[in-house]
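Notes for the one structure printed next.
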Amino acid sequence: MASAHGSSSGSILLQNSGSEEDLQALIDQKKRKRKISNRESAKRSRMRKQKHLDDLTAQVNQLRKDNSQISTYLSLTTQQYFAMEAENSVLRTQMMELNNRLQSLYEILYCLNDTNTKQ
């Protein structure tokens, strides 16, 4: 009986050993799957970051282009403004000269009318 008991515990040890090997294989497989999953997740994360960086770079380039166009437009508008200011200055001077001439003509007319009424 003692030997039967010994052989039965030996088969239990073999079963346990097989069970432990299966368990270890299962644990190793889960580790491999997790490692692969983590790699894929990291790859997706890198791809998202790269896409975000590419989008930001494109946005910066577009903003630079827009800024350049606005700067050019502002420069042209400023030139036109100063040209108009110069033209307005000339027109104001001409207006003052014409007002002075008109005033002189009124004075001449007044004098002529005044002398005609006295005669």
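Checking 112, 63, 74 one by one, the residue that is surrounded by 10 or more Cβ atoms within 10 Å (Cβ to Cβ), at pLDDT below 95 and assigned to a helix (DSSP H, G or I) is 112 and no other. Just to be sure before I move on: is residue 19 assigned to a helix (DSSP H, G or I) and at pLDDT 95 or above in the structure I sent? So residue 19 does not fit the description; no.
The values are calculated or read from the model by the stated rules, or taken from the named source; none is laboratory data. Since the model is a prediction, treat every value here as computed from it, not as a measurement. Here the Cβ is made from the backbone with ideal geometry for all residues, glycine too, and neighbour counts use every protein chain on show.
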